[in-house]
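Heads up: the structure comes next, in structure tokens.
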Amino acid sequence: MMRILLLCWSLAPLLWQLRTSFLVGDVLVGEQSQPGLSPWTLANYRLVLHGDPSLIQVLLNSTVLGLITTLLTLILALPCAYGLHALRGHLQRSIHAGLVGAALFPTVLLFLSLLQVARSLGLANHLLALSLPYAALSLPFAILLLQAAINDLPPELEDAARLDGLHTLQRLRLIVAPLLTPALASTGLLVFLASWNEYPIALTWLSRSDRLTLPAAMGRIASSSVYTIPYGPYAAATVLGSLPLLLLVLLFQRWIISGLTQGAVKG
Amino acid sequence: MRGLQLDQLTRQVAGRTLLEGLDLKVAQGECVALLGPSGCGKTTTLRLVAGLDPLSEGRVLLDGHDISHLDPGQRRVGMVFQSYALYPHLSVADNLTLGLRVRGIPTSEREERLAQILALLQLEELRLRRPSQLSGGQRQRVALGRALLRQPRIMLLDEPMSNLDAQLREELRPELRRLLTSAGHPVLYVTHDQQEAVGMADRIAVLDQGRLQQVGNPRELHHHPVNRFVASFIGRPAINLFPPLAGRQLGVRPEHLQLVPSDGIPARLLRAEWSGPQQVLWLESAAGLLRMLWSPTSLPPEQLLVGWADDAALAFDERSGERLPCCEPGWNRDLIRSLQQ
């Protein structure tokens, strides 16, 4: 019973969005629907899919950017985590503390200075250039997560690999990385989510409409008219924007759950 | 000299000494068991020989050559870990050949050596299984195979039987011993089970608190322990240590206690433990609990007097625990008299 209540609590806003996305605008602001006409419509979806930019383009932008960001983050974070795991003593503790600090830093404070960087390096309006700050901001968290997962691996595995004559990079590639697949999947998903949701940096770096990411495009839809709030199109964009994530979670479900509970019990 | 020689092996970590000045020689084809309680430095010793941990002092010599500076991968060491440490994501065949693959051994030779090892350890049918699909005994064989496939010049085993059930352990012992010593390499075998040490090893090295206490064959350790620790660690049921008297402490093995008509320690029978060829009697006395061996078919009276032959007792220095060169008959009498009051 409690579970069902909690499920409703979490799902209600989403279902409301879903309902909203299929209603005509007049009904949404409280007017009676015209007699003889159905209040249900696909017009909101048509609007966002044929708008400028088309939501298809926007989703494509966000997906490509998210994938590149995730790949970049994991490729950098895995060796960092592995190296950090091998360190001992003060050095490890201070790097660890530094990473925690960086992970907790509110990123919204950074967007102005990042804009300066983008301007001076000519990175504005390059979609993939966004993956640089995104990866940088996700790295501390990703390193900490992966390091925790590496700490959970039995240390004898590494010893056995050393006796087998594997050097450091071979151990990382052939032993550690395959065993970290669940942790890599869950960390990757969190990084992808962060990139998918990021707003202030995308807003300031991108202005050309064919380069917009989902949050920036949503912002445009919301502020497209001074006189009305476009609830319907906005809800339609929300629904379409959450579909790719749903797909990802379903695909990686098995690994994500085992990754998130890793270290909770001794196996 | 041929074989493995450990010269003043020392390991200190953060001011704590895990192993101090260990000297030990293991000849070709000889199996030496490192025996001791947890934390005595047995596993540390193995890891130092394998090169997995850095030496604080000392040298590891193989056939007279110093190999202390070599990486673990270059030492040609075969090691079986307590947990077996099989790669969980690889099949049995890949577990075995990973080392050969990264060393660039050609496929044909790899396959040949793999086939040999699989046949030797009767693992052919399991070659495509993952470690999680194997039983404990099978995992142990794979771990052993991985160590042997490296064509090692030293074999190291860290409690390789501790994850197996008691019956399997006993069954595997002769087979394992044959596999290990047939190749003619020095073998170091870590265990905390003296039964296993006796069954596996030619000689036993007893360690305690990072120091080597004594090396010898099981008989020597049993009859001529150099100190109190070895005397009490070796031999089951354990030796009876009497309360110290005048700076000396006497110990008498359970098999040397006997009933005496007079001049004995009064004791009361608490329990008789039947163990096949004999019974272990637990006696309560002024000296605390005593263990005594008895024939399996009868029981002694409830109240009894126990003593021992004059030459049966071992005498130790009370403070240092060192074995005293002899035990004078007068010491026995003094002790018994003190316990009669």
What is the spread of the Cα atoms of segment A:157-239 along each of their three principal axes, largest first, in whole Å?
72, 24, 17
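Would you compute, from DSSP H runs of 4+ residues alone, the mean residue ellipticity of chain A at 222 nm, taking -39500 (n - 2.57) per run and dividing by the full residue count, rounded to the nearest 500? Show your work: numbers first, answer last.
Values: 13 runs with 186 residues, N = 267.
Result for chain A: -22500 deg cm²/dmol, rounded to the nearest 500.
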In a GNM of chain A with a 10 Å cut-off on Cα contacts, which of A:Leu23, A:Leu189, A:Leu112 has the highest mean-square fluctuation?
A:Leu112
Candidates B:Arg203, B:Arg271, B:Arg110, ranked by Gaussian network fluctuation over chain B, Cα under 10 Å, top entry:
B:Arg271
Principal axis extents for segment A:109-248, Cα atoms only, whole Å, descending order, please.
71, 37, 24
Which of rounded, prolate, oblate describes chain B, given a ≥ b ≥ c as roots of the alpha-carbon gyration tensor eigenvalues and a/c under 1.5 marking rounded, otherwise prolate only if a/b is larger than b/c?
prolate
Divide by every residue of chain B the summed helix terms, -39500 (n - 2.57) for each DSSP H run of at least 4, and state the resulting mean residue ellipticity at 222 nm, rounded to the nearest 500 deg cm²/dmol.
-8500 deg cm²/dmol
By how many degrees, between 0 and 90 and to the nearest 10, does the Cα long axis of helix A:55-86 differ from the longest principal axis of chain A?
20 degrees
Provide the per-residue ³J(HN,Hα) series for segment B:329-341, in order, calculated from phi with Karplus coefficients 6.51, -1.76, 1.60 and θ = phi - 60°, each as a whole number of Hz, with x at glycine and proline positions.
x, x, 5, 4, 5, 4, 5, 4, 5, 5, 8, 7, 6
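Could you work out the relative contact order of segment B:210-341, using alpha carbon pairs under 8 angstrom and six or more residues apart, expressed as a whole percent? Can you show the working numbers first?
On the way: 234 pairs, mean separation 33.4, N = 132.
Here the relative contact order equals 25 percent.
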Using only Cα atoms, figure out Rg for chain A and give it as a multiple of 2.2 N^0.38 Å.
1.23
Rounded to the nearest 10 degrees, what's the angle between the helix A:231-260 long axis and the longest principal axis of chain A, both from Cα atoms, 0 to 90?
20 degrees
Per-residue HN-Hα couplings for segment B:126-133, Karplus 6.51 cos²θ - 1.76 cosθ + 1.60 at θ = phi - 60°, whole Hz, x for Gly and Pro?
9, 4, 9, 6, 8, x, 5, 9
Where a ≥ b ≥ c are the square roots of the eigenvalues of the C-alpha gyration tensor, would you call segment B:1-70 rounded, which needs a/c under 1.5, or, failing that, prolate if a/b is larger than b/c, or oblate?
oblate
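What fraction, in whole percent, of alpha-carbon pairs in the protein assembly as shown exceed 48 Å separation? The partial results should precede the final answer.
On the way: 76192 of 184528 pairs.
Summing the P(r) of the protein assembly as shown above 48 Å gives 41 percent of all pairs.
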Whole-Hz Karplus ³J(HN,Hα) for segment A:9-19, in order, using 6.51 cos²θ - 1.76 cosθ + 1.60 and θ = phi - 60°, x for Gly and Pro?
3, 7, 8, 3, x, 5, 5, 4, 4, 4, 5
Evaluate 2.2 N^0.38 Å with N set to the residue count of segment B:66-124, then give the Cα radius of gyration divided by it.
1.26
Using amide H atoms built in the peptide plane, which far-off residues or other-chain residues are under 5 Å from B:Asn240 H to H?
B:Val252, B:Arg253
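Distances longer than 19 Å among the Cα atoms of segment A:1-100: what percent of all pairs is that? Walk me through the numbers on the way to the answer.
On the way: 3522 of 4950 pairs.
Looking at segment A:1-100, the distances longer than 19 Å represent 71 percent of pairs.
Determine the relative contact order of chain B: mean sequence separation of Cα pairs under 8 Å and six or more apart, normalised by residue count, in whole percent.
Values: 666 pairs, mean separation 58.0, N = 341.
After rounding, I find 17 percent.
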Gaussian network model of chain B, springs between alpha carbon atoms under 10 Å - residue of B:Thr44, B:Thr17, B:Thr191 with greatest fluctuation:
B:Thr17
Between segment B:220-291 and segment A:35-79, how many Å separate their Cα centres?
82 Å
In percent, how large is the relative contact order of segment A:145-217, given Cα pairs closer than 8 Å and 6 or more residues apart?
29 percent
One checks the Cα atoms of segment A:138-197 and finds Rg and Dmax, in Å, of 13.3, 45
Gyration tensor on Cα atoms of segment B:189-261, a ≥ b ≥ c root eigenvalues, a/c under 1.5 rounded, else prolate if a/b beats b/c, else oblate, says oblate
From largest to smallest, what semi-axes in whole angstrom does segment A:1-53 give when each is the square root of 5 times an eigenvalue of its alpha carbon gyration tensor?
27, 17, 8
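No value in this document is a laboratory result; all are computed from the given coordinates. Just so you know, these numbers come straight off a predicted model, no measurement behind them.
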